[in-house]
Amino acid sequence: MILEIKKFPDQVLRKKALEVESFDNSLRELVENMAETMYSAPGVGLAAPQVGVSKRLFIIDISEKKDNLNVFINPVIVNAEGEILEEEGCLSLPGEYANVIRSREVEVLAYDLEGKQFSLKADGLMSRAIQHELDHLNGTLFIDKLPIFKREAIKKSIKKRKELGEY
Ligand code: NI
């Protein structure tokens, strides 16, 4: 089932999400629906708060064929190295893009759908996506990481597009 993607300035995107406590069928169903929603958008990552569920989980698939779904439940970044500036967007701010500074490499600890803990070291797009999606679990959006003039320009653009019915 394709879920509605909440857009900025929806307040659910600003909440600190709660830990997942039960690895049950409803969690599996949520992840299945989130995957369908992400693939149809299309996007490379989606966090639960973006579909209105304030829980600490997100999914990422950076593969070309869209056949390598990564599920991160209760994720924590345990190590981060370097810095890199690259363009980023977000399904919750459709049509808006900006260069965002992120760590170059991260190591993340998370649980999979079976409740098994795993560790993953990532760089490139995967590293960027992990940091972006983890921010969503803490109510942070990529525009929060921009210089204020750039952030204000994006907010203004959204306001204008809303008036035109294009957002
Ligand atoms: Ni996003």
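Every read-out reported here was derived from the displayed coordinates using simple, explicitly stated rules and does not represent laboratory data. Only a predicted model underlies this, so the values are computations on that prediction, with no experimental measurement involved. With ideal geometry, Cβ positions are generated from the backbone for all residues, glycine too; neighbour counts draw on all protein chains shown.
Based on this model, can you work out whether Glu29 counts as part of a helix (DSSP H, G or I), of a type outside the set (Val, Ile, Thr), without any contact (Cβ under 8 Å) to a residue 24 or more places away in the chain and surrounded by fewer than 20 Cβ atoms within 10 Å (Cβ to Cβ)?
yes
Six or more apart or on different chains, Cβ atoms under 8 Å: show the pairs whose first residue is in segment 43-57 and within 16 Å of Glu32 (Cβ to Cβ) and whose second is more than 14 Å from the ligand (Cβ to nearest atom) and among the hydroxyl-bearing types (Ser, Thr, Tyr).
Qualifying pairs under 8 Å: Ala48/Ser54.
Evaluate segment 66-79: report whether one residue or more is within 16 Å of the ligand (Cβ to nearest atom), surrounded by 13 or more Cβ atoms within 10 Å (Cβ to Cβ), more than 30 Å from Asn25 (Cβ to Cβ) and among the polar types (S, T, N, Q).
Within segment 66-79 (the criterion being within 16 Å of the ligand (Cβ to nearest atom), surrounded by 13 or more Cβ atoms within 10 Å (Cβ to Cβ), more than 30 Å from Asn25 (Cβ to Cβ) and among the polar types (S, T, N, Q)), the answer is no, since none of the residues qualifies.
Hey, could you check segment 39-61 for residues that are over 20 Å from Gly139 (Cβ atoms) and surrounded by 18 or more Cβ atoms within 10 Å (Cβ to Cβ) and say which is farthest from the ligand (Cβ to nearest atom)?
Residues of segment 39-61 over 20 Å from Gly139 (Cβ atoms): 39-42, 44, 61.
Those still in the list that are surrounded by 18 or more Cβ atoms within 10 Å (Cβ to Cβ) too: 44, 61.
On the way: Val44: 10, Asp61: 14 Å.
Checking each candidate, the answer is Asp61.
Tell me the residue from Gly82, Gly95, Gly124, Gly115 that is surrounded by fewer than 16 Cβ atoms within 10 Å (Cβ to Cβ), within 16 Å of the ligand (Cβ to nearest atom) and on the phi > 0 side of the Ramachandran plot, please.
On the way: Gly82 fails: within 16 Å of the ligand (Cβ to nearest atom); Gly124 fails: within 16 Å of the ligand (Cβ to nearest atom); Gly115 fails: within 16 Å of the ligand (Cβ to nearest atom).
The conditions single out Gly95.
Looking only at segment 107-150, how many residues end up being small (Gly, Ala, Ser) and either in contact with an Asp or Glu (Cβ under 6 Å, 6 or more places away or on another chain) or in a helix (DSSP H, G or I) (or both)? Before the answer, list the steps.
In the first step, residues of segment 107-150 are kept if they are small (Gly, Ala, Ser); the result is 110, 115, 119, 122, 124, 127, 129, 139.
Cutting the leftovers down to either in contact with an Asp or Glu (Cβ under 6 Å, 6 or more places away or on another chain) or in a helix (DSSP H, G or I) (or both) gives us 124, 127, 129.
Number satisfying all stated conditions: 3.
Here is a list: Ile148, Ile130, Ile101. Which entry is closer than 21 Å to Ile62 by Cβ and exposed (fewer than 15 other Cβ atoms within 10 Å of the Cβ)?
Details: Ile148 fails: closer than 21 Å to Ile62 by Cβ; Ile130 fails: exposed (fewer than 15 other Cβ atoms within 10 Å of the Cβ).
Going through Ile148, Ile130, Ile101 in turn, the sole match is Ile101.
Could you pull out the residue among Ser63, Ser92 that is under 23 Å from Glu19 (Cβ atoms) and in a loop (DSSP other than H, G, I, E, B)? Write out each step before concluding.
Numbers: Ser63 fails: under 23 Å from Glu19 (Cβ atoms).
Result of the check over Ser63, Ser92: Ser92.
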